[in-house]
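These notes are about the structure you will find just below.
FYI, it's all coordinate maths here, none of it is from the lab. All values reported here derive from a predicted model rather than from experimental measurement. Neighbour counts run over all protein chains shown; Cβ positions are idealised from the backbone, glycine included.
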Amino acid sequence: MRPPDKSPGRGVAEESFDAFYAASVGRLIGQLYAMTGDLAEAQDVVQEAFVRAWERWAAIDLDGAPEAWIRTVAWRLAVSRWRRVRTALAFARRQGPPATVPPPDPQHVLLVEALRRIPEAQRRAVVLHHLCDLSVEQVAAETECPVGTVKSQLSRGRTALARLLADTELDPRTDRRSEVRHD
């Protein structure tokens with residue numbers, strides 16, 4: 001939760017909660033661990049139950065059984081999580097196996113590799129302009145750069161890409177793209 005604060009002006013409620021937490025957290029985690037069989041889950045649900053207890057600390061009957069309140073809330077949280085997981089698994093089973101996804105197109109791989117090798121600002125400008133079909137002015141607005149800067153980034157980015165894509169299927173100087181087989 002939080003370490004005890006010994007500064008002046010702490011309220012009685014904070015001090016009583018801190019004392020209760022320190023005295024019972026380990027015991028409650030052990031109990032929930034025995035109930036759930038999962039230490040991490042026990043720690044999570046007990047911690048969440050303590051958060052909820054802190055939010056309602058004034059209303060919880062301290063003379064009664066605050067540990068029982070924490071234990072009950074933690075157990076209900078664990079059961080709720082199990083139900084969500086069970087529902088999600090049932091949904092996944094109904095969906096069946098995932099569809100087979102074809103490998104990426106080799107030209108796409110070449111382009112992405114080349115884009116990764118140019119500076120970020122140039123890459124962003126090139127992608128926004130050429131792949132997202134934004135005008136230079138729109139790119140400038142989205143990147144919060146002057147139009148002249150965007151034009152410079154586009155020019156430098158294109159030059160860098162042309163150099164990186166030279167002698168590949170995507171070489172802009174040749175029409176080798178037509179040589180690529182389309183099966």
Exercise. Sort the following peptides by mean Cβ neighbour count (other Cβ atoms within 10 Å, averaged over residues), highest first: 77-85, 152-160.
Key: 152-160, 77-85
Quiz item: Using alpha-carbon pairs under 8 Å, 6+ residues apart, how would you state the relative contact order of the chain in percent?
Solution: 14
Quiz item: Using only the Cα atoms, what convex hull volume per residue in Å³ does the chain have?
Solution: 264
Quiz prompt | Point-to-point label distance, Q47-V147, nm (Cα→Cβ direction, 7 Å offset) | solution = 5.3
Exercise. Counting residues in segment 55-131 as N, plug N into 2.2 N^0.38 Å and put the Cα Rg over that result.
Key: 2.32
Practice problem: Provide, as a two-decimal number, the C-alpha radius of gyration of segment 73-177 over 2.2 N^0.38 Å, N being how many residues it has. | Solution: 1.77
Self-check item: From phi via Karplus (6.51, -1.76, 1.60), per-residue ³J(HN,Hα) for segment 139-154 in Hz, x at Gly/Pro
Solution: 4, 4, 5, 5, 8, 6, 10, x, 4, x, 5, 4, 4, 5, 4, 5
Quiz item: For segment 106-179, what is the relative contact order in percent, using Cα pairs closer than 8 Å and at least 6 residues apart in sequence?
Solution: 34
Quiz item: Which value at 222 nm does the chain reach when only helices count, each DSSP H run of 4 or more adding -39,500 (n - 2.57), with the total divided by all residues and rounded to the nearest 500 deg cm²/dmol?
Solution: -21500 deg cm²/dmol
Quiz item: Size of segment 12-95 along its principal axes in angstrom, Cα-based, largest extent first?
Solution: 54, 23, 18
Quiz item: Between D105 and A65, what is the spin-label point distance in nm, taking each point 7 Å from the Cα along the Cα→C-beta axis?
Solution: 6.7
